[in-house]
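Engineer: Here's a structure for you.
The values are calculated or read from the model by the stated rules, or taken from the named source; none is laboratory data. Please read these numbers as outputs of a predicted model, since none were measured by experiment. Here the Cβ is made from the backbone with ideal geometry for all residues, glycine too, and neighbour counts use every protein chain on show. Heads up: the accessible areas ignore ligands, DNA and RNA and are worked out on the full protein's heavy atoms, side chains in. Shrake-Rupley method; radii C 1.70, N 1.55, O 1.52, S 1.80 Å.
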Amino acid sequence: EVLKYMQKNGASFVLHGYKHQYRETETGEGFEFWDVQNNRPIYQSKDDKIIIPTNQEDQLMLEEYERQYIKDAIENGVTEMIAHNLYPLAFEAPHYAMSQSGYEILSGYFSTYVGQLQITDQSRKSTYGSITSGKPSFLHGMTSIPETMGYIEKDIRNPEKPFAESLQNMKSMGDDVSQYSEGYLGAFYHPYLGLDTLKEVIKILNSFPNTTWLDLKQLPNKVEVENVLIQSKNGEVSIEKNIVSSDYEMNIFVKNSFMYVLILGGLLFCAVYFI
């Protein structure tokens, strides 16, 4: 209901993975599209014994697993949001971590990527965020909207002001970016950190002169999965879909229909009883 309220009042959604999790890490905290333990793409199920490819056949098998894994995550994420009448316009991988192949797969679904980018399969720590938007070749046609000011972390050295250092770092990075024309002042905020600190972040963002807020819906975004097409342009979002576009939505439809039948049956029983 909160997300629907936000959407109704102008918010745009960026799909941030599906489970935000791989292996036994906490959902919302873990990686999803990068195997941190082995510092490589998601080549196998989390419970399988690790295969180190020694020939092309093994490598192709691992790459096919990653391809299907990413496709399933993207399609599940989009279709489940849509089933609740929530419409994503862009994508960002958890912890900015995704292989070069992953970006290629993603480009078949999304036209817009928000956030920093992993620029090599050698290490997930090789991330990069430009100052302006663009279409780097490894995104295969996707438009990149950068995150340039980082995110908020607690300052363990200053328990009285747990976010003071992060806020100052964010302001410093924003000062650098704001010197360039057409630069983006983009930041990431975790909702569990609370409203008061979010207000401080907004205050920092509003402190830079000659800037305006980006409305993602003003850009020509496209999100497409089977039976669903979401597009935005000039502030409007259009949705083309089947009445029931996925098994997940069908389950919701059946559940709601059963509830309505029970209510109707109860009312009918009461009416017959009183008659």
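Engineer: May I ask you to list the residues in segment 1-56 that are of a type in the set (Phe, Trp, Tyr), within 24 Å of Tyr109 (Cβ to Cβ) and outside any loop (DSSP other than H, G, I, E, B)?
Structural biologist: Phe13
Engineer: Follow-up question, since we're still on this one. Only one residue in Tyr103, Tyr96, Tyr113 is out of contact with any Cys (no Cβ under 6 Å at 6 or more places or on another chain), open to solvent by 10 Å² or more (accessible area, probe 1.4 Å) and aromatic (Phe, Trp, Tyr), so which one is that?
Structural biologist: Tyr96
Engineer: Can you go through Thr132, Thr143, Thr197, Thr148 and tell me which one is open to solvent by less than 60 Å² (accessible area, probe 1.4 Å) and touching a helix residue (DSSP H, G or I) at 6+ places or on another chain (Cβ under 7 Å)?
Structural biologist: The match here is Thr148.
Engineer: Report yes if some residue within segment 150-173 is touching a Leu at 6+ places or on another chain (Cβ under 7 Å), within 29 Å of Tyr87 (Cβ to Cβ) and either in contact (Cβ under 8 Å) with a residue 24 or more places away in the chain or part of a loop (DSSP other than H, G, I, E, B) (or both); otherwise report no.
Structural biologist: yes
Engineer: State whether the residues of segment 241-253 include one that is open to solvent by less than 40 Å² (accessible area, probe 1.4 Å), among the acidic types (Asp, Glu), farther than 24 Å from Glu153 by Cα and assigned to a helix (DSSP H, G or I).
Structural biologist: Yes, segment 241-253 contains a residue that is open to solvent by less than 40 Å² (accessible area, probe 1.4 Å), among the acidic types (Asp, Glu), farther than 24 Å from Glu153 by Cα and assigned to a helix (DSSP H, G or I).
Engineer: To continue, here is another question. Can you say whether Ser232 is open to solvent by less than 40 Å² (accessible area, probe 1.4 Å), among the hydroxyl-bearing types (Ser, Thr, Tyr) and in contact with a strand residue (DSSP E or B) (Cβ under 7 Å, 6 or more places away or on another chain), as far as the supplied structure shows?
Structural biologist: In short, yes.
Engineer: Quick check: anything in segment 61-72 touching a Gly at 6+ places or on another chain (Cβ under 6 Å) and touching a residue at least 12 places away in the same chain (Cβ under 8 Å)?
Structural biologist: yes
Engineer: So, in segment 95-123, of the ones that are among the small types (Gly, Ala, Ser) and not in a helix (DSSP H, G or I), which residue ends up nearest to Thr148 (Cα to Cα)?
Structural biologist: Gly115
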